[in-house]
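Each remark here refers to the structure printed beneath this line.
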Amino acid sequence: MKIYGVALLAGCFLLGKLMGNLLGKLIQINNDIGGVGFAMLLLMGTSFYLRKRGWLNTESETGIRFWSAIYIPIVVAMAATLNVTAAITGGAVALLAGAGATIAGMALVPLLSKIGKTKNDSPIKNKAHGDR
């Protein structure tokens with residue numbers, strides 16, 4: 001049952017959002033600055049602390065792992081939506097910068113995939129000859 005750990009996740013999220021809003025007010029920006037990041041750090045820290053003390057049972061630990069795994073893609077999707085909205089309302093320069101960064105990232109994939117490979121590395125391994 002994956003419901004265990006939701007209270008810890010919710011508490012960390014609320015505390016993280018509070019910290020992000022306080023940081024925003026501190027630097028005189030009327031917005032949340034890093035609240036989700038604070039929440040993730042709090043979740044990792046508190047789950048590590050509780051696990052170290054032996055206060056987490058197996059169901060809670062499994063639930064926390066499940067919600068932690070779900071949490072990251074949701075936050076990335078939310079942030080991507082906000083970035084697209086900001087780019088569209090920001091004008092042509094923001095759209096060009098986003099498109100340029102995307103094209104540059106795609107162009108660098110073949111180069112980055114070659115880093116660290118030797119000449120003997122092959123994507124296809126021949127199991128008949130005992131290669132692993």
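Laboratory data are not the source of any read-out in this text; all were calculated from the coordinates shown. Source: prediction; values computed, not measured. With ideal geometry, Cβ positions are generated from the backbone for all residues, glycine too; neighbour counts draw on all protein chains shown.
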Worksheet item: Which net charge results when you count Lys and Arg as +1 and Asp and Glu as -1 among the other residues whose beta-carbon is under 14 Å from that of residue 31?
Response: +1
Worksheet entry | residue 96/residue 61 FRET efficiency (R0 30 Å; Cβ-Cβ; nearest 0.05) | 0.05
Worksheet item: Gain in length, residue 114 to residue 23, computed as 0.36 nm per residue apart minus the alpha-carbon separation, to one decimal in nm?
Response: 28.6 nm
Worksheet item: Per q in 0.11, 0.17, 0.19, 0.24 1/Å, what log10 I(q)/I(0) does a Debye calculation on the alpha-carbon atoms of segment 6-116 return?
Response: -0.56, -0.95, -1.01, -1.20
